[in-house]
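Laboratory data are not the source of any read-out in this text; all were calculated from the coordinates shown. Quick caveat, the model's predicted, so the values are computed rather than measured. Cβ sites come from the backbone with ideal geometry, for glycine too, and all protein chains shown count toward neighbours.
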């Protein structure tokens with residue numbers, strides 16, 4: 001609006017230039033507005049596509065025709081992969097919304113949403129923002145009538161510090177005696193690291209998959225040069241000190257009425273050649289909670305340069321309980337025909353299901369699809385009876401699972417003669433039919449699980465560490481790996497902070513903890 005206070009010029013040329021400038025500015029604004037509208041429309045379209053993908057993954061996770069056909073029918077790998085997809089899509093949607101809303105004031109006020117309270121043990125740093133003192137308030141008394149309080153999560157990156165230990169010496173007048181406190185004991189005597197630093201390095205490598213060469217780079221950012229070879233020497237000493245504890249864990253695992261076993265490759269440098277060879281990390285897990293047992297969960301790893309049955313016989317010498325395994329033939333050699341000298345094997349239905357699921361997902365076989373659908377009902381029941389007594393579990397399986405299993409084996413045996421023996425379906429059928437005895441044992445024994453996912457979950461972190469580390473370094477490095485990983489993974493299975501447990505344990509060992517009280521050092525007995 002033009003007012004009398006706004007002076008106007010009588011210069012016609014100047015007025016014309018002002019009009020042209022305003023017209024150009026209007027054109028620029030109109031162009032920018034069109035660009036923003038186009039960008040907004042494009043972002044909205046992309047957001048819709050991403051939301052459709054999310055819905056499609058929801059159907060893939062929970063739909064009738066997916067491997068997730070039951071609430072607990074998927075593997076952890078599938079869950080992790082789907083979670084990764086969800087995370088990336090959600091990130092993409094948030095980035096697009098930020099792009100569309102940049103530089104604007106939203107005309108929609110977000111409704112308040114309840115937020116989960118931050119843990120009370122976290123340090124609170126109070127920041128008080130006082131209002132500006134205005135001239136009209138000068139000389140007036142200020143009365144506090146309330147305040148708005150908000151909490152935001154902050155982090156302080158890990159920083160090194162130096163522990164300076166002073167031990168004063170005292171002499172006494174008229175006496176030759178000198179008094180001084182003894183030097184505190186440490187795992188690395190006269191060395192650089194505290195037990196807390198050793199624990200941090202060990203957990204970073206063996207529990208969080210962060211190899212020593214990466215830790216070396218991270219520490220260098222804090223201007224702290226710790227050579228990876230020096231850290232490797234420290235880990236060797238830590239592994240030596242913890243070896244007796246890892247042996248104790250394996251002994252406790254084998255006291256369980258049911259043990260899960262699995263193995264994974266672990267590339268290792270061959271002595272004198274510089275080339276990598278294939279070694280093996282064997283895992284033995286125990287978790288009694290699924291059948292109502294009170295024993296703590298635990299896992300023990302053993303490093304071997306072989307995958308032969310001799311390793312199993314050494315690890316499981318004298319074990320007579322239930323051994324739940326995948327289809328690897330070496331486990332069968334533990335059971336002697338015509339006698340009870342050995343464990344009772346139980347099969348893993350998840351390994352069989354994966355073979356059928358590949359064919360089902362490709363749409364190549366109606367038999368495979370039917371198999372996957374019926375197997376889903378088995379896992380659905382397992383979710384309902386998890387944590388109940390062995391007797392209750394066995395009774396429920398007799399009522400629900402027995403007819404399903406009978407139907408499946410009948411279908412498989414009728415199908416096998418009618419298809420090519422070289423087909424993938426025939427391989428899946430032979431795998432299941434050949435293991436019928438150990439597959440059916442869960443129907444009558446409530447101690448047995450439908451699958452061996454408990455040990456697979458325990459061994460999966462080691463495969464991640466293996467991938468990040470490329471190889472174990474040497475046979476000695478592999479044994480250290482197995483020892484330290486045994487205790488740290490057992491900590492995680494018991495929902496403990498592995499750094500806190502390992503720090504305390506190393507301090508106790510350095511101070512000559514008695515071997516008679518070894519059980520008190522176990523993760524499941526940890527007290528802060």
Exercise. What number, in percent, do you get for the relative contact order of segment 349-451 if the mean sequence gap of Cα pairs under 8 Å and at least 6 apart is divided by its residue count?
Worked result: 35
Problem set entry | Stretch gain in nm, segment residue 115-residue 314, where the contour uses 0.36 nm per residue and the Cα spacing is subtracted | 66.3 nm
Exercise. Taking the highest mean first, how do the peptides 209-215, 283-289, 135-141 order by number of other beta carbon atoms within 10 angstrom per residue?
Worked result: 283-289, 209-215, 135-141
Exercise. Considering the alpha-carbon set of segment 248-383 alone, what are its Rg and its Dmax in angstrom?
Worked result: 18.0, 54
For this session: Along Cα→Cβ, 7 Å out, is where each label goes; now give me the distance between the ones at residue 23 and residue 169 in nm to one decimal.
Result: 9.6
For this session: With a Förster radius of 25 Å, plug the Cβ-Cβ distance of residue 294 and residue 383 into 1/(1 + (r/R0)^6) and report the FRET value to the nearest 0.05.
Result: 0.75
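Would you mind putting 122-129, 482-489, 328-335 in packing order, based on average other-beta-carbon counts within 10 Å, highest first?
Highest mean packing first, the order is 482-489, 328-335, 122-129.
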Exercise. For labels at residue 159 and residue 437 in the simple 7 Å Cα→Cβ model, what's the distance in nm?
Worked result: 6.6
Seminar exercise, completed: Extension length gain for residue 391 and residue 178 (0.36 nm per residue less Cα distance), in nm, is 69.7 nm
Seminar exercise, completed: With N residues in segment 349-451, Rg(alpha-carbon) / (2.2 N^0.38 Å) equals 1.09
Exercise. Among 411-420, 146-155, 237-246, what's the highest-first ranking by average C-beta atoms within 10 angstrom per residue?
Worked result: 237-246, 411-420, 146-155
For this session: Would you mind getting me the FRET efficiency between residue 30 and residue 218? Use the beta-carbon distance for r and R0 = 60 Å, nearest 0.05.
Result: 0.70
Exercise. Given a cut-off of under 8 Å on Cα pairs at least six residues apart, what relative contact order in percent is computed for segment 172-269?
Worked result: 19
Exercise. Given the Cα-Cα distance of residue 228 and residue 364 and 0.36 nm per residue of separation, how much length would full extension add, in nm?
Worked result: 43.9 nm
Exercise. With r defined as the distance between the Cβ atoms of residue 399 and residue 333 and R0 fixed at 45 Å, what FRET efficiency is calculated, to the nearest 0.05?
Worked result: 0.80
